[in-house]
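Just so it is clear, none of the values below were taken in a lab; they were calculated from the coordinates. Source: prediction; values computed, not measured. So basically every Cβ, Gly included, is an ideal-geometry build from the backbone, and we count neighbours across all protein chains shown.
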Amino acid sequence: MAASKPVEAPGAGGTAGLSRWQLALVLGAPILLGAGAIYLWGRRTARRGKGASERKTPEGRASPGPGSEGGSGQPDGPRHEEMSPLGRAQAAKNKGNKYFKAGKYELAIQCYTEAISLCPPEKNLDLSTFYQNRAAAYEQLQKWTEVAQDCTKAVELNPKYVKALFRRAKAHEKLDNKKECLEDVTAVCILEAFQNQQSMLLADKVLKLLGKEKAKEKYKNREPLMPSPQFIKSYFSSFTDDIISQPLLKGEKSDEDKDKEGEASEVKENSGYLRAKQYMEEENYDKIISESTKEIEAKGKYMAEALLLRATFYLLIGNASAAKPDLDQVISMEDANVKLRANALIKRGSMYMQQQQPVMSTQDFNMAADIDPQNADVYHHRGQLKILLDQIEEAVEDFDECIRLRPNSALAQAQKCFALYRQAYTGSNALTVQGAMKGFEDVIKKFPKCAEGYALYAQALTDQQQFGKADEMYDKCIDLEPDNATTYVHKGLLQLQWKQDLDKGLELISKAIEIDNKCDFAYETMGTIEVQRGNLDKAIEMFNKAINLAKSEMEMAHLYSLCDAAYAQTEVAKKYGLKPPTL
């Protein structure tokens with residue numbers, strides 16, 4: 001399946017069964033957007049330098065302004081002022097600085113309070129410094145409410161006061177005010193041109209926490225959503241030994257129906273499972289869970305098959321908690337067909353990996369190999385797991401075993417080639433990279449109708465900045481699978497990196513949505529591009545559409561992080577007139 005939409009459903013061959021965070025590992029960074037789980041300011045590389053040191057102490061003067069940073073970051077020393085009101089305020093502040101350096105924070109607070117009371121109200125920058133210094137002393141005493149209050153005063157006096165904003169962000173984090181923390185740290189990131197590692201890390205941390213918090217609430221109340229028919233067919237095509245995805249057998253259809261070409265056949269037996277299989281052939285997927293349930297409740301002849309089919313569709317609609325008991329039951333049925341049990345183990349193992357439980361995932365794949373050692377699917381899917389765990393040599397061994405059992409498995413050969421490429425690429429070995437690239441050529445020559453081979457080759461070519469040839473490979477994918485929405489998204493991203501052609505890129509991504517209006521990857525990608533164009537309201541709209549289509553809580557959390565980052569930028573723009581650079 002070429003460049004198929006990342007999915008949180010159980011593991012599938014190629015990209016069809018991989019979540020977006022998995023794709024970031026298996027397929028490398030999406031073309032424009034970094035590692036696939038980009039946060040919205042990630043297009044700039046955070047450089048470690050003078051801006052990366054931790055900011056614990058108060059300042060002598062507000063920022064910006066002459067002398068704003070002070071070489072050491074410590075409170076300012078005495079300044080030569082006349083004993084005017086401002087001079088007396090500065091003297092009190094300097095005395096407070098000495099107490100601060102000595103660790104006498106209560107005394108420092110008294111001095112900074114005196115400085116605030118003495119300072120003429122029109123001296124905004126000086127007054128903001130005094131509040132900032134007092135906030136730093138409160139911070140040492142872990143009085144977070146007071147820290148936030150004093151930083152707010154400092155920012156009111158000097159709206160672009162970076163250290164006051166960052167100190168307030170940290171106080172909000174301690175007070176569990178995530179939204180306020182995110183807005184402050186977003187302002188800091190923009191003011192620092194995304195160059196300070198410390199503020200970038202705090203932004204990333206808060207976005208993830210907010211995303212998880214919102215996704216947990218939203219996901220438990222979400223309405224199940226059936227993926228598009230194209231997506232479902234792509235998913236099932238990734239299995240070769242999956243009994244439940246096979247067409248109805250001749251004996252399961254009536255003789256009369258066998259003669260009715262072009263009409264849906266009716267099953268001979270009064271079986272919920274066989275009716276569910278008939279609905280699969282008709283692409284009437286919404287009825288499959290209910291028909292499978294009838295077979296299960298009747299304890300019918302096909303109970304094991306019905307359990308596995310129902311579990312699979314639970315996974316496809318993003319209901320892993322409902323799928324797990326069915327998978328558990330199939331796995332424990334020792335008298336069931338071994339291929340059913342192995343398939344259930346593959347799907348449960350993939351589910352565990354998507355839930356970031358690699359140990360349990362590995363156990364399930366190993367058990368599948370033990371009970372059905374001649375099942376090519378086991379090795380193919382376990383090979384993908386090994387790639388995710390960065391166990392490339394073991395992954396290649398599994399792909400080799402899959403190919404031994406099923407020599408015409410184009411998908412396994414393409415995945416093996418990509419695993420070898422990633423190993424060479426991350427090791428910066430030019431010769432082995434060249435060998436891996438030749439391997440791709442061999443795969444597409446041997447299997448010219450394997451869209452996945454072209455898609456993976458295109459990813460590698462993009463890594464190597466061979467954009468023209470990568471574009472040709474995506475065109476091959478589209479020729480073979482014109483209804484694959486995700487290929488259009490990747491080709492659109494390529495136009496942005498290769499030619500900086502925003503119009504063409506967005507045209508292709510819009511085409512993806514036209515093909516599959518449930519392609520959350522397309523909505524997410526378009527949202528991220530709109531952020532970089534400065535169209536934040538449009539970006540938020542796109543992210544919300546993707547959120548409503550998310551198939552797992554983890555995927556939803558990621559999308560909420562993107563949406564929250566965009567929203568925070570809109571709030572910062574309103575409050576401070578700050579906007580990041582745009583494309």
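Taking a 18 Å limit on the Cα-Cα distance, which of the listed pairs Lys233/Lys445; Lys347/Lys551; Lys504/Lys545; Lys218/Lys538; Lys212/Lys538; Lys212/Lys579 fall beyond it?
The pairs that break the limit, which is 18 Å between Cα atoms, are Lys233/Lys445; Lys504/Lys545; Lys218/Lys538; Lys212/Lys538; Lys212/Lys579.
Relative to the present Cα-Cα distance, how much length would full extension add between Asn124 and Lys98 at 0.36 nm per residue of separation?
Residue separation times 0.36 nm, minus the Cα-Cα distance, leaves 7.1 nm.
Cross-link list Lys324/Lys416; Lys95/Lys160; Lys324/Lys511; Lys95/Lys143; Lys220/Lys299; Lys208/Lys469: which exceed 32 angstrom alpha carbon to alpha carbon?
Lys324/Lys511; Lys208/Lys469, as the Cα separations exceed 32 Å there.
Let me have the relative contact order for region 80-221, percent, based on Cα pairs under 8 Å that are six or more residues apart.
In percent, rounded to a whole number, it is 14.
Based on the mean of other Cβ atoms within 10 Å per residue, sort peptides 139-145, 457-463 so the most packed one is first.
Most protected by this proxy first, the peptides run 457-463, 139-145.
How much length, in nm to one decimal, is gained on full extension between Ser117 and Glu283, taken as 0.36 nm per residue of separation minus their Cα-Cα distance?
So the chain would gain 52.2 nm between Ser117 and Glu283.
What does the charge count near Cys477 come to, summing +1 for each Lys or Arg and -1 for each Asp or Glu among other residues with Cβ under 12 Å from its Cβ?
-4
Restricting to DSSP loop positions (anything but H, G, I, E, B) with no more than 12 other Cβ atoms inside 10 Å of their own Cβ, which GluC sites (Glu not before Pro) remain in region 305-399?
Glu334
Where does the charge balance sit around Thr240 when Lys and Arg score +1, Asp and Glu -1, over other residues with C-beta under 13 Å from its C-beta?
Computed value for this residue: -2.
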